[in-house]
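What follows is a single structure, written as structure tokens, with notes after it.
No value in this document is a laboratory result; all are computed from the given coordinates. This structure is a prediction, so every number in the text was calculated from the model and none was measured. Backbone-built Cβ (ideal geometry, glycine too); neighbour counts: all protein chains shown.
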Amino acid sequence: TSSAEVKENRNIGNLEDHPIASTDRARGGTTSSKRKRPLEEGNNGHFCKLQLIWKKVSWSVTPKNALVQLHELKPGLQYKMVSQTGPVHAPVFAVAVEVNGLTFEGTGPTKKKAKMRAAELALKSFVQFPNACQAHFAMGNCISPSTDFTSDQADFPDTLFKEFEPPAHSQDFSVYSPVDNELLSSACRRGRLLCHTLDLVGPAKAGRHRAAKAEGEKNPVVLLNELRSGLRYVCLSETVEKQHIKSFVMAVRVDGRTFEGSGRSKKLAKGQAAQAALQALFNIRLPSHIPSRSKCHHLPQDFADSVYQMVAQKFQELTDNFTSMHARHKTLAGIVMTKGLDIRQAQVIVLSSGTKCINGEYINDQGLAVNDCHAEIVARRAFVHFLYSQLELHLSKRREDWERSIFVRLKEGGYRLRENVLFHLYVSTSPCGDARLNSPYEITTDLNSSKHIVRKYRGHLRTKIESGEGTIPVRCHNAAQTWDGVLLGEQLITMSCTDKIARWNILGLQGALLSSFIEPMYLHSIIVGSLCHTGHLSRVMSHRIEDIGQLPASYRRNQLLLSGVSHADARQPGKSPGFSVNWVVGSSELEVLNASTGKRSCGSPSRLCKRVFFTRWARLHGKLSTRAPSHGEMPSVYSEAKLVAQTYQSVKQQLFKAFQRAGLGTWVKKPPEQDQFLLT
């Protein structure tokens, strides 16, 4: 094209004032002489004109990378070299930039790539889709590479494409209405006209239409590689299922996050992992992609970060700005209550910390000790304390009290949660057990060497180690421990937090006693601070027990929303403290427990122990019996009171059998003597 024609192409607004030049080539491949040719009359003329306009517009639009976009939005930014690490032949540069009072650091094999990554992170902090334009453009999804990051509006008016739509299906080109050149010029000047293949000639352009369709159906691995080149996929496991069918699990790390996929071949598993990354990081869902059964549901990242910040701030407040000796912890947990996903009405209702269990010699047969002082488990017991308070509030004679309760009465008897009240569990680290063991939070070459361990015990029930940390697979076939055996020195076995949370997803958080009054109550989401892999977490929480069978009314296989946090606190080094703390909304201070004895340091029982809960349950039972005689006579023994909720007990047995059928082991119970105490 001549320089004069290039200048002409740049001035789209003067299309009406300049003749349009074209270069003709003979079929034999020889170049014909250039000549000015008037547009053909009629509809074919309109088509040629459209084609040439489109060619010029698409040629004039150039992609903008993150650096350019950020510079246009925030001119005058200063990028600073932070560090250079790694060997000489493979250096890693870190470059930082400050935007809106926040510092964003990017890393890469070159300073330029590190600078680009810092710009992307900065854009991501205040722009809805920082990489969406490049991503969708690479996928062929009709999104201009110069899309304005700051715009929440559509990239073009709907009327633009309506001008090109036929009123009816016909092969006759004459049915198309004339093109509004003024509308085209307006769109061109706005720089928002999209590189979209117009199917204006029906079957004659079918080949071009198929090419555009194929572009939109790119393999997720290919598309992800275009957006983030140099990614490495690691095979986490290779299992042989029934009838010698193999199953693979592949993982890939992108932008500091790990994504996992499974399939009958490594290729399919890689595709699942790539698709998970595309959807989470770039908001891309390929139309030809079939969701896997192990697909996990993610909580919005900004909401998850807000929950984490609320829990951290509350803990800071309760520990005098972390100056208290009880601020030291290895695992922190909390439950936040919301109405829908409105964070403005969120409230932290319980907090806890701890990583240890009771020693066997301190096991108590009067219900005065807390057996498991891991943060997640103490948070659940604190939540039960909260539920008792809410039920007591509902049974108050004062109208303003029962209106503040989260419960409403059912016509057929009993109570259920108010509509749209949700509970979210935050845990600072992945729950102990299979969720932590198999979370590939760091993909390294060492992962392949331990692959046989992952294969053998993946999804298996695990138990905590008495007076220590970590878990081991369930080995005993006997589901019950003996009282005298534990007192004589046998290790007291406690199920892992991963397995207990999986149990809550079927039975609910309320426990056996409260199940005689209220419907099951489930968590809506879990937010994990570190050592988090939401794909595997979803499997161990829900998909291990997919074949549990039909559940009674009001019970379900709860599908949790899962998320990590953007900037988690660093895990505190050193030995785990020997205490556990808990707090419930309405309390003025933390309660501190000795994790080895399950009691307070002064020797008195915790507000979360079995006897306290049994006492509160008996009080509620007495009040409800006067209103509904169908509750029957109140049991005086704790173990008998738990059996009142027959449906709960039957679902629990159904769950234990599902674990056994799946070959995941037998749920180990505590000695029955510890529940055989009287309420005096």
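A few remarks follow.
- Greater than 32 Å apart at Cα, pairs in 339/623; 267/339; 111/270: 267/339
- Simple Cβ-charge dipole of the range 348-434, Lys/Arg +1 and Asp/Glu -1, about Cα centre, in debye nearest 20: 460
- Each peptide in 485-492, 384-391 receives the mean, over its residues, of other Cβ atoms within 10 Å, and ordering these scores from highest gives 384-391, 485-492.
- When peptides 92-103, 404-415, 264-275 are ranked by their average number of other Cβ atoms within 10 Å per residue, the highest-first order is 264-275, 92-103, 404-415.
- Two-site label geometry, residue 465 and residue 483: point separation in nm, points 7 Å out along Cα→Cβ: 3.0
- Projecting label points 7 angstrom from Cα along Cα→Cβ for residue 650 and residue 404 puts them 3.9 nm apart.
- Of 330/356; 246/464; 314/464; 80/124, pairs whose Cα-Cα distance is over 21 Å: 246/464; 314/464
- Relative protection proxy for 671-680, 301-310, from highest mean packing down: 301-310, 671-680 (other beta-carbon atoms within 10 angstrom).
- Potential lengthening between residue 238 and residue 678 on full extension [0.36 nm per residue; Cα-Cα distance subtracted]: 153.2 nm
- With the simple spin-label model, which puts each label point 7 Å out from Cα in the Cβ direction, the residue 301 to residue 623 separation comes to 4.5 nm.
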